[in-house]
Amino acid sequence: MPDSSPASPDRPSAARRFFRQGWPWLAGLLLATMLVTTHWLLVRHYLDRITGLQLSPEPTERLRLPGIVPSHAADGMTWTDEIIEMADHGDFRLRTTRLDNAPEGRPVYWNSGWAWLHIAWARVYRSVADVSWPVAVEKAAAWINLPALLLTLAGYSFWLARRQGAVAGGLLALSLAGAHSFYEAFYPSYNDHHGITNIGLLALILGALLGGGGWVRGQGEAGAGSNSKTPPAPSSGGFLRLPDDRAARRAFLVSALGGGVALWINAVATVLAIGMTGFAGVLAAWAAGRDLRARGAICRPDLWRLWGRVGAATGFLFFLLEQFPDRLFGWRLEVNHPVYALAWLGGGELVALLLEWLENPQGSGPGPTTKPWRRKRAFLAGAAVAVVPLLFIVGRERVFMMFDPFMATVHHHILELRSLPDQFGKTGFFKFVDQGLLRPAQLLLAVVTLRLAWRRPAARLALVFCLAIALPMTLQGWWQTRWLQSASVPQSIAAVVMLCVWIDAAALTPRRRRAILTAVAIVAAALFLTMPARIISGAIRTEAEGTVLKGEAPFLLYRDIAAVLRNDRPDVPPEKIIVLTDPNASVAIGYFGGFATLGTFHWENGDGLRAAAQLMTDLCVGDPEALARAERLVRKRGVTHVAWITTSGYTAGYWQALYPGKPLPKRDELGAGNTPVWLRPIPYATPPVYYQADKELVRLYAVDFSQTEAEARYRAGLAAAVAGRPGEAERRFAQARDAAPDSPQPWLRLAELRLAANDPATAFMAMTEGIKRSPPSSREQLYIDASRLFQSRGASLQADLLLDLAMQAAADPEKSR
């Protein structure tokens, strides 16, 4: 029982004793806070600096949002857009957006809680700064992750320090800050939901661990009568030190509530973690249960029942909060749904039944542990769990969009859906030092530690529990890198457990104490300080050199493109501008300009992505049938602009998704500039830094059904000339000349190009032909200007001839033709 005697004046309180003995926790937390804050401020300074850069003289004042974000923060841009839209419409919850799948828009199934936090922060910011509402939300998005991360480090490390000692708490703070995949979810201006998902997953896994995995101290076990709020002394045994009944119950409640919140925020990632947590509880009990019972520990299967019931109730309540009443009977399993709550309820019951079976395999004795009762409950619990996979099998794309063949094919081109080994070859292994080297080494050490500490049942229980979650989640992250952020949670916990087992081994073996503690310091520094040191030194170097990293550079280009498109239609509201481009550019260009787009990768946008794929492939094929189909779709969708970007690489993916098995077209007509007459080229010169480094080529078009063939070819020539492609410009002007032989402008532009190519004779012929087709009243001045141009290029003979023609035009304008 806890000690309830009053504290004497000479006896310090539990809190004072904790802080007196808790310097390792404080030291670890302060170091973690310093590392996180230092990098945060460096990255914010970098992002503010490059936000102030401008690639071209194109004015950006009309853009809605100017801020550049980190390279992996495209989904954060969508969050910011949807939060602004939600607040503008006065909605309480996220429901729809018109930012993609234009003009109809699409439903939004993201959780509204994250939006509410942004709106609250933005309102506070607007109360002290005179900025527009979109800019206030952008500022909230830029900073919201820092307090969330610092509170996470402090809160969870304090909890662990209270339960398992100050050293464990300090190590957890450093472990979370040093795990790059975990920290990446809280990056500056990366206001995606992965960070708060990890907060919930931490509660889910750490709570079940601190709940003893369902095992509690027996009444006769050492320390059973101590105050559970006081951290145990280092000599009290190995990690995990089993809790008493009350502490275990509280920990399982925290686990269930945290998992319910995570289920609301990111159902797909959380459902897998919930299942692995239950599996880990059974596996750990099987591995260590017999020895724990022999030492007086008590198995409490009812804790897992409590976990399943509270978690299911929490998930269901959040479902009602988010979906009631209009989506109450929807069947989208990409998000939180009652069937997940039902599966959690059944899963908790199954775990409890398995623990009871391990305790009493024969099912003897009266009550619910007997075989008949056990079979009935197991059948019902298994049926509840089986509902989810059964719905996936039967419903397929009707309940989970990734089963749709088109979406599955297109999504193969998303970087985060590729395997980690695949990304080694594309971005380099060093970028993935954390998950490619450090975490596998850590898990290997944990497996070795489990083998060496097998005779210590509490350590065995904790290590088996952590590894049963961390290993499969790490493999899942190697399969698709989007799962690595979630995998970082059990990885970080497993690292702390492993090191605490080492520290306890040092206390139990004084002769090896120094060697073991030295190993702890070295391994902790390697696991927890390598990545912070690397990214901080990289940020310092970037700021010292004043460079722009390759990952963020495309956002500067997309913002520049957004400014060009906005200035092309200055009198049109930005939301009426509908842009067709590749999925990644759609998010960024729409974000900066406030435009609507068609194709983005969000699973709710299947219709918009199909329309974008069909349009882009038809424009790239370029035959009459494809162009007629593209024109119909452009009119239907209200597309106003098209942006073609060389390195997007999505044309092949679109084609393979729409026409599986068919060979790719031999020529990309849109990329070659061979566009239909209703696309008006917009002059745009790709900034030299992009073209020289990545051969990035941008072609911008406005939809203009009033344009003639001659106008289209002439404007294409102007755009090619501005973009620095004189050969293409000459071809386009020649096409315009042939389409409108009496128009002077194509002749004049051809003359300028030939003169720039040091061909004054051909240039003189084209110039005179162009001037002859000009109005008589302007010919004299045109000859004079042409003469000056030729003279400046060293073509004196042609310059003199043009002056003679100018004098003839002055004497008789009609005869000068």
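For the reader, a short list of remarks on this structure follows.
- Residues located in region 769-779, provided they are surrounded by fewer than 22 Cβ atoms within 10 Å (Cβ to Cβ) and either of a type outside the set (S, T, N, Q) or touching a helix residue (DSSP H, G or I) at 6+ places or on another chain (Cβ under 7 Å) (or both): GLU769, LYS772, ARG773, SER774, PRO775, PRO776
- For the condition of a type in the set (Lys, Arg) and buried (at least 24 other Cβ atoms within 10 Å of the Cβ), ARG514 does not qualify.
- The combined condition, being of a type in the set (Gly, Ala, Ser) and at pLDDT 95 or above, is not fulfilled by ALA378.
- For region 234-243, the condition holds for at least one residue, the condition being that it is of a type in the set (A, V, I, L, M), crowded, with 21+ Cβ neighbours inside 10 Å and either more than 19 Å from GLY113 (Cα to Cα) or not assigned by the TED database to the domain that holds THR96 (or both).
- Note on region 370-407: residues that are over 21 Å from TRP344 (Cα atoms), open to solvent by less than 40 Å² (accessible area, probe 1.4 Å) and touching a helix residue (DSSP H, G or I) at 6+ places or on another chain (Cβ under 6 Å) amount to 4.
- Residues satisfying the stated conditions in region 623-643, i.e. basic (Lys, Arg) and open to solvent by less than 40 Å² (accessible area, probe 1.4 Å): ARG637
- Members of region 305-347 found to be aliphatic (A, V, I, L, M), under 16 Å from TRP110 (Cβ atoms) and outside any helix (DSSP H, G or I), listed by number: LEU333, VAL335
- Residue count for region 108-132, restricted to those that are in contact with a Lys or Arg (Cβ under 7 Å, 6 or more places away or on another chain), under 22 Å from ARG332 (Cβ atoms) and not in a loop (DSSP other than H, G, I, E, B): 1
- Lone unmet requirement of (1) in contact (Cβ under 8 Å) with a residue 40 or more places away in the chain; (2) surrounded by 24 or more Cβ atoms within 10 Å (Cβ to Cβ) for GLY606: (2)
- None of PRO741, PRO665, PRO660 is open to solvent by 40 Å² or more (accessible area, probe 1.4 Å), in a loop (DSSP other than H, G, I, E, B) and in the same structural domain as PHE790 (by the TED database) except PRO741.
Yes/no matrix, rows are residues, columns are (1) open to solvent by less than 50 Å² (accessible area, probe 1.4 Å); (2) in contact with a Leu (Cβ under 6 Å, 6 or more places away or on another chain); (3) under 30 Å from SER175 (Cβ atoms):
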| position | (1), (2), (3) |
| --- | --- |
| VAL69 | yes, no, yes |
| HIS72 | no, no, yes |
| THR97 | yes, no, no |
| ASN101 | yes, no, no |
| GLY113 | yes, no, yes |
| ALA136 | yes, no, no |
| GLY155 | yes, no, yes |
| PHE158 | no, no, yes |
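- Residues in region 293-321 that are small (Gly, Ala, Ser), buried (at least 16 other Cβ atoms within 10 Å of the Cβ) and under 18 Å from ASP245 (Cα atoms): ALA297, GLY308.
- Of all residue pairs spaced 6 or more apart or on separate chains, those with beta-carbon atoms under 8 Å, a first member in region 527-548 that is closer than 22 Å to VAL69 by Cβ and a second member that is among the acidic types (Asp, Glu) and open to solvent by less than 60 Å² (accessible area, probe 1.4 Å) are MET531/ASP434.
- All positions within region 173-200 that are closer than 16 Å to ARG439 by Cβ and hydrophobic (A, V, I, L, M, F, W, C): LEU174, LEU176, ALA177, ALA179, PHE182, ALA185
- Region 745-769 residues that are in the same structural domain as PRO726 (by the TED database), paired with ones that are open to solvent by 40 Å² or more (accessible area, probe 1.4 Å) and not in a helix (DSSP H, G or I) (beta carbon under 6 Å, 6 or more apart): LEU755/ARG793
- Residues of region 612-622 satisfying the condition of being among the small types (Gly, Ala, Ser) and open to solvent by less than 10 Å² (accessible area, probe 1.4 Å): ALA612, ALA613
- Meets criteria (at pLDDT 90 or above and more than 24 Å from ALA712 (Cβ to Cβ)) for GLY608: yes
- Region 246-257 residues that are assigned by the TED database to the domain that holds TRP307, paired with ones that are of a type in the set (S, T, N, Q) (beta carbon under 7 Å, 6 or more apart): ARG246/SER228; ALA247/SER228; ALA256/THR314; LEU257/THR314
- Region 70-92 residues that are of a type in the set (Phe, Trp, Tyr), paired with ones that are open to solvent by 10 Å² or more (accessible area, probe 1.4 Å) (beta carbon under 8 Å, 6 or more apart): TRP79/TRP110; TRP79/HIS193
- Within region 480-501, none of the residues are β-branched (Val, Ile, Thr), over 26 Å from GLY281 (Cβ atoms) and more than 21 Å from the chain's Cα centre (by Cα).
- Single condition LEU41 does not satisfy, out of (1) assigned by the TED database to the domain that holds TRP133; (2) closer than 21 Å to ARG566 by Cα: (2)
- Which numbered condition CYS466 misses (of (1) buried (at least 24 other Cβ atoms within 10 Å of the Cβ); (2) without any contact (Cβ under 8 Å) to a residue 60 or more places away in the chain): (2)
- Every test in (1) modelled with pLDDT under 95; (2) more than 22 Å from the chain's Cα centre (by Cα) is passed by ILE577 save one, and that test is (1).
- Selection of region 170-224 for residues being of a type in the set (Val, Ile, Thr), open to solvent by less than 10 Å² (accessible area, probe 1.4 Å) and modelled with pLDDT of 95 or more yields THR197, ILE205.
- The residues in region 542-583 that are part of a loop (DSSP other than H, G, I, E, B) and over 30 Å from ALA652 (Cβ atoms) can be counted, and the count is 7.
- Failed criterion for GLY653 (all others in (1) in a loop (DSSP other than H, G, I, E, B); (2) within 23 Å of the chain's Cα centre (by Cα) hold): (1)
- Of the candidates LEU803, LEU748, LEU782, LEU718, the single residue that is assigned to a helix (DSSP H, G or I), open to solvent by less than 20 Å² (accessible area, probe 1.4 Å) and of a type outside the set (Gly, Ala, Ser) is LEU748.
The values are calculated or read from the model by the stated rules, or taken from the named source; none is laboratory data. Everything numeric in this text was worked out from a predicted model, so none of it was measured. Reconstructed Cβ throughout: ideal geometry from the backbone, glycine too, with neighbour counts over all protein chains shown. In case anyone asks, the SASA skips ligands and DNA or RNA and just uses the protein heavy atoms, side chains included. Shrake-Rupley method; radii C 1.70, N 1.55, O 1.52, S 1.80 Å.
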